[in-house]
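J.: A single structure is presented below for examination.
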């Protein structure tokens, strides 16, 4: 059982082995990656972040890959898909344990490319931890969805963290957006 100090008493009473960490959510991605062997024969991972249009871009990219004959997987606000099998979607980006389990199912189904809608909340809440994206794409940034962030700068920083070399091998930034946010993202991704 993975818990923080506040949950230790309950966890110890369960009779299960206990891993104590100050931030279970921050540890979950790496643990899920290990459990589901996410680094073994991974599909190519394409992640898309931005305020508006993530779902559309994920579907467009998935459609292009499918036209090229690639077996694809997809996770978005609208659905999760493994090849032709559609699964109901609850969050824009699933929790780390669900996402790694989904990628393991995709690997078993011989999916070779996965497009993932990556929200700012997914980045700050560690939902994509334990993954390294082959391509991280930034499409735009606006003042929508600021409710989880103190200000616009904190929201931007959450999105820019996607371009850290530990998270993404390459970045693609749409320059057809607000000049300040696009140029700042380019600088942050270097």
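The values are calculated or read from the model by the stated rules, or taken from the named source; none is laboratory data. Predicted model, so just to flag it, every value in this text is computed and none were measured. A quick note on method: Cβ atoms are made from the backbone with ideal geometry, for glycine too, and the neighbour counts reach across all protein chains shown.
J.: Could you tell me whether residue 35 is more than 28 Å from residue 141 (Cα to Cα), surrounded by fewer than 18 Cβ atoms within 10 Å (Cβ to Cβ), at pLDDT 95 or above and touching a helix residue (DSSP H, G or I) at 6+ places or on another chain (Cβ under 9 Å)?
T.: Taking the combined requirement at face value, the residue satisfies it.
J.: In the stretch 25-42, what residues are within 17 Å of the chain's Cα centre (by Cα), outside any loop (DSSP other than H, G, I, E, B) and more than 18 Å from residue 163 (Cβ to Cβ)?
T.: 25, 26, 27, 28, 30, 31, 32, 33, 34 - these are the residues of the stretch 25-42 that are within 17 Å of the chain's Cα centre (by Cα), outside any loop (DSSP other than H, G, I, E, B) and more than 18 Å from residue 163 (Cβ to Cβ).
J.: In the set 152, 163, which member is touching a strand residue (DSSP E or B) at 6+ places or on another chain (Cβ under 9 Å) and either surrounded by 22 or more Cβ atoms within 10 Å (Cβ to Cβ) or on the phi < 0 side of the Ramachandran plot (or both)?
T.: The match here is 163.
J.: I've got another one for you. Which residues, taken from the stretch 43-70, are surrounded by fewer than 17 Cβ atoms within 10 Å (Cβ to Cβ), in contact (Cβ under 8 Å) with a residue 24 or more places away in the chain and assigned to a loop (DSSP other than H, G, I, E, B)?
T.: Result: 52, 53, 70.
J.: I'm trying to understand the selection: among the residues of the stretch 112-131, which are assigned to a loop (DSSP other than H, G, I, E, B) and surrounded by fewer than 22 Cβ atoms within 10 Å (Cβ to Cβ)?
T.: 112, 125, 126
J.: Considering (1) crowded, with 18+ Cβ neighbours inside 10 Å; (2) closer than 23 Å to residue 78 by Cβ; (3) at pLDDT 90 or above, say which one residue 104 fails and leave the rest.
T.: If we test residue 104 against (1) crowded, with 18+ Cβ neighbours inside 10 Å; (2) closer than 23 Å to residue 78 by Cβ; (3) at pLDDT 90 or above, just (1) comes out false.
J.: Oh, and also: Can you tell me which residue in the stretch 43-54 is farthest from residue 158 (Cα to Cα), limited to those that are at pLDDT below 95 and within 15 Å of the chain's Cα centre (by Cα)?
T.: Per the criteria, the residue is 54.
J.: Every residue in the stretch 119-145 that is within 17 Å of residue 172 (Cα to Cα) and modelled with pLDDT of 95 or more, please.
T.: 132, 133, 134, 135, 136, 137
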